[in-house]
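The structure appears below as structure tokens.
The values are calculated or read from the model by the stated rules, or taken from the named source; none is laboratory data. Nothing here was measured: the structure is a model prediction, and the numbers come from that model. No Cβ is skipped: glycine too gets one built from the backbone with ideal geometry, and neighbour counts run over all protein chains shown. For accessibility, only protein heavy atoms count, side chains too; no ligands or nucleic acids. Shrake-Rupley method; radii C 1.70, N 1.55, O 1.52, S 1.80 Å.
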Amino acid sequence: MRTVTAYATPGPEGPFAKTTIERRDLEPGDVLIKIAFAGICHSDIHTGRGEWGATHYPLVPGHEIAGVVEEVGAGVTKYAVGDRVGVGCLVDSCRECENCKAGEEQYCLKGSTGTYGSVDKYGRHTDGGYSEYIVVDQDFVVRVPEGLGLDVAAPLLCAGITVYSPLRHWNCGPGKRVAVVGMGGLGHMAVKIAVAMGAEVTVLSQSLSKEADGKRLGAHHYFATSDRATFKQLRGTLDLIINTVSAPLPLDSYLGMLRLDGAMVNVGAPPEPQSVRAFSLMGGRKSLAGSAIGGIRETQEMLDFCAQHGLGAEIEVIDAAQIAEAWDRVVASDVRYRFVIDTATF
Ligand code: NAP
Ligand code: ZN
Ligand code: ZN
């Protein structure tokens, strides 16, 4: 075992504290990664504050991990010491079920192992990226392409793949009108990626306060959802809506903006249930769907796509001491557009 520094929350109320955790000795297929940057995802907050159900504490969150390989196990073939790599939300899965075999490990029928807040095959609670080092099986490690800084790449490991996957699955591209609801961590990456895929992109934000940023990221249109006129103006116009909002929304109003055969895909994960009227879907043969992160192969594809198009996250790099404050700012929609913890400040 290797003792490493980490930041953990002792319970739903915090406060974050510096601590030490144990990382396992390298198994033959394992890679030891020195973490350089860890993004702060809203899911860290939902989990850390116990909003999604029981959480095992102390919790070391963090599933947007970018760093450098420091050591490899005897059987590692994919990575070498010095490689720039990333780890997202998954560190293991059964690898045998039909979904794993299809490269959709996030939908493993036996339940994939989360980077934090899970119990791994060794029977240990997993600890995430708010730490100095992590040990991960090479099959759940991806390569950060040259040209993408580790700091701007870190958020791609969750925020990037979570929007890339449904954009691909629902055929985002030229001729498609795509709206992104919520201009936060996921939302701003959805804008960048959908624009790079060639779609006509609309941002639906609570207000117009971030309009200049949205346009700078490539959005063609920007509307405030606090203005009821938005829903009227966009009625029946959109092919695809990617909803990244962390709180419940009046889904019927949003579905009204879809055109025939349009789809609204929820990637935001509010703890509360949401309701929808049958008629909102029937009128216009519409779909309401969900999507969770992406598989390992698709995560690599997303990183390569982002590198090719020069797409990193818009980030605010913070010290370890600022984690709690950053969480509060995320909850207040005061994030431009992803906080990234610099582990050199541990
Ligand atoms: P975030 O940075 O906080 O972004 C969410 C955005 O939603 C905010 O910036 C805000 O955008 C908007 N919003 C917040 N509260 C709202 C409200 N009450 N009404 C309307 N809009 C509101 O969070 P994130 O890290 O992008 O994560 C977003 C959600 O996705 C979270 O629930 C997270 O757990 C979930 N998630 C899911 C997956 C998955 O696999 N499906 C992966 C990662 C995260 P505006 O200010 O522009 O309105
Ligand atoms: Zn996440
Ligand atoms: Zn499986």
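Brief remarks on what is shown
- Checking Cys41 against (1) surrounded by 13 or more Cβ atoms within 10 Å (Cβ to Cβ); (2) more than 20 Å from Glu272 (Cα to Cα), the condition it does not meet: (2)
- Cβ-Cβ under 7 Å pairs, at least 6 apart or on other chains, the range 95-107 side within 20 Å of Thr162 (Cα to Cα), far side open to solvent by 70 Å² or more (accessible area, probe 1.4 Å): Asn99/Tyr107; Asn99/Leu109; Gly103/Arg297
- When Ala74, Ala36, Ala66 are screened for being modelled with pLDDT of 95 or more, closer than 13 Å to Thr343 by Cβ and more than 16 Å from ligand 2 (Cβ to nearest atom), only Ala36 passes.
- Matching residues in the range 152-172 - criterion: being at negative phi and more than 15 Å from the chain's Cα centre (by Cα): Arg168, His169, Trp170, Cys172
- Close Cβ contacts (under 6 Å, 6 or more residues apart or on different chains) running from residues in the range 186-210 that are polar (S, T, N, Q) to residues that are surrounded by 24 or more Cβ atoms within 10 Å (Cβ to Cβ) comprise Thr202/Ala179; Ser205/Met183.
Yes/no per residue for (1) β-branched (Val, Ile, Thr); (2) outside the structural domain of Ala190 (by TED's automatic domain parsing); (3) under 26 Å from Leu186 (Cα atoms); (4) surrounded by 17 or more Cβ atoms within 10 Å (Cβ to Cβ):
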| residue | (1), (2), (3), (4) |
| --- | --- |
| Val76 | yes, yes, no, yes |
| Gly82 | no, yes, no, no |
| Glu105 | no, yes, yes, yes |
| Lys110 | no, yes, no, no |
| Leu148 | no, yes, yes, yes |
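- Helices (runs of 4 or more DSSP H) completely within the range 204-296 that count 2 or more residues being among the hydrophobic types (A, V, I, L, M, F, W, C) and open to solvent by 60 Å² or more (accessible area, probe 1.4 Å): 278-282
- Test result for Tyr107, aromatic (Phe, Trp, Tyr) and away from ligand 3 (no atom under 16 Å from the Cβ): no
- Checklist (1) in contact with a helix residue (DSSP H, G or I) (Cβ under 9 Å, 6 or more places away or on another chain); (2) open to solvent by 50 Å² or more (accessible area, probe 1.4 Å) applied to Ser131, failing item: (2)
- Scanning the range 301-335 for residues that are within 14 Å of the chain's Cα centre (by Cα) and over 25 Å from Gly48 (Cβ atoms) yields Met302, Leu303, Gly312.
- Number of the condition not met by Ala326 [criteria: (1) over 16 Å from Tyr130 (Cβ atoms); (2) open to solvent by less than 10 Å² (accessible area, probe 1.4 Å)]: (1)
- In the range 90-112, the residues that are within 16 Å of ligand 2 (Cβ to nearest atom) and not hydroxyl-bearing (Ser, Thr, Tyr): Leu90, Val91, Glu105, Gln106
- Taken over the range 24-38, the criterion of being under 24 Å from the mean Cα position of the chain (by Cα) and either of a type outside the set (Lys, Arg) or open to solvent by less than 70 Å² (accessible area, probe 1.4 Å) (or both) is satisfied by Asp30, Val31, Leu32, Ile33, Ile35, Ala36, Phe37, Ala38.
- Selection within the range 303-323 - open to solvent by 50 Å² or more (accessible area, probe 1.4 Å) and in a loop (DSSP other than H, G, I, E, B): His309, Gly310, Asp319
- Looking at Ala17, Ala54, just one residue is away from ligand 3 (no atom under 16 Å from the Cβ), open to solvent by 20 Å² or more (accessible area, probe 1.4 Å) and touching a Pro at 6+ places or on another chain (Cβ under 9 Å), and that residue is Ala17.
- Selection status of Leu148, away from ligand 2 (no atom under 16 Å from the Cβ) and part of a helix (DSSP H, G or I): no
- Checked against the criterion of being within 16 Å of ligand 2 (Cβ to nearest atom), touching a Lys or Arg at 6+ places or on another chain (Cβ under 8 Å) and in contact (Cβ under 8 Å) with a residue 60 or more places away in the chain, the range 155-170 has at least one qualifying residue.
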